[in-house]
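The values are calculated or read from the model by the stated rules, or taken from the named source; none is laboratory data. Because the structure is a prediction, the values reported are computed rather than measured. Because the Cβ atoms are built from the backbone with ideal geometry, glycine has one as well, and the counts that use them run over all protein chains shown.
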Amino acid sequence: MEKLKPCPFCGSRPFIEDDSCYNASWHIFCPNCGCSQKWNQDIETAIENWNMRAEHKKAAQECNP
Ligand SMILES: [Zn+2]
């Protein structure tokens with residue numbers, strides 16, 4: 001599994017949340033600033049998307065703190 005990068009906004013350690021009882025869904029959020037991402041089909045995709053956003057500020061516009 002890839003390692004999660006810190007939050008692109010505040011640098012805090014993000015958490016991975018799964019909603020597997022409802023659907024096979026994963027997303028990553030920052031408990032400090034409330035930044036989160038859309039739900040992903042699997043955890044690998046969730047981590048990939050999060051890390052991409054951490055590297056490219058442009059993609060961080062999706063964030064709604
Ligand atoms: Zn944050």
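For this structure, a couple of remarks:
- Checked against the criterion of being assigned to a strand (DSSP E or B) and either surrounded by 12 or more Cβ atoms within 10 Å (Cβ to Cβ) or within 16 Å of the ligand (Cβ to nearest atom) (or both), the stretch 2-14 contains not a single residue that satisfies it.
- Filter result for Ile47 (in contact (Cβ under 8 Å) with a residue 24 or more places away in the chain, away from the ligand (no atom under 11 Å from the Cβ), surrounded by 19 or more Cβ atoms within 10 Å (Cβ to Cβ) and not small (Gly, Ala, Ser)): yes
- Within the stretch 27-38, considering residues that are within 9 Å of the chain's Cα centre (by Cα) and of a type outside the set (D, E, K, R), the one modelled with the lowest pLDDT: Gln37
- Taking residues in the stretch 10-31 that are over 21 Å from Glu55 (Cβ atoms), and partners anywhere that are surrounded by fewer than 13 Cβ atoms within 10 Å (Cβ to Cβ) and not hydrophobic (A, V, I, L, M, F, W, C), the pairs with Cβ atoms closer than 6 Å and at least 6 places apart or on different chains are Ser25/Asp19.
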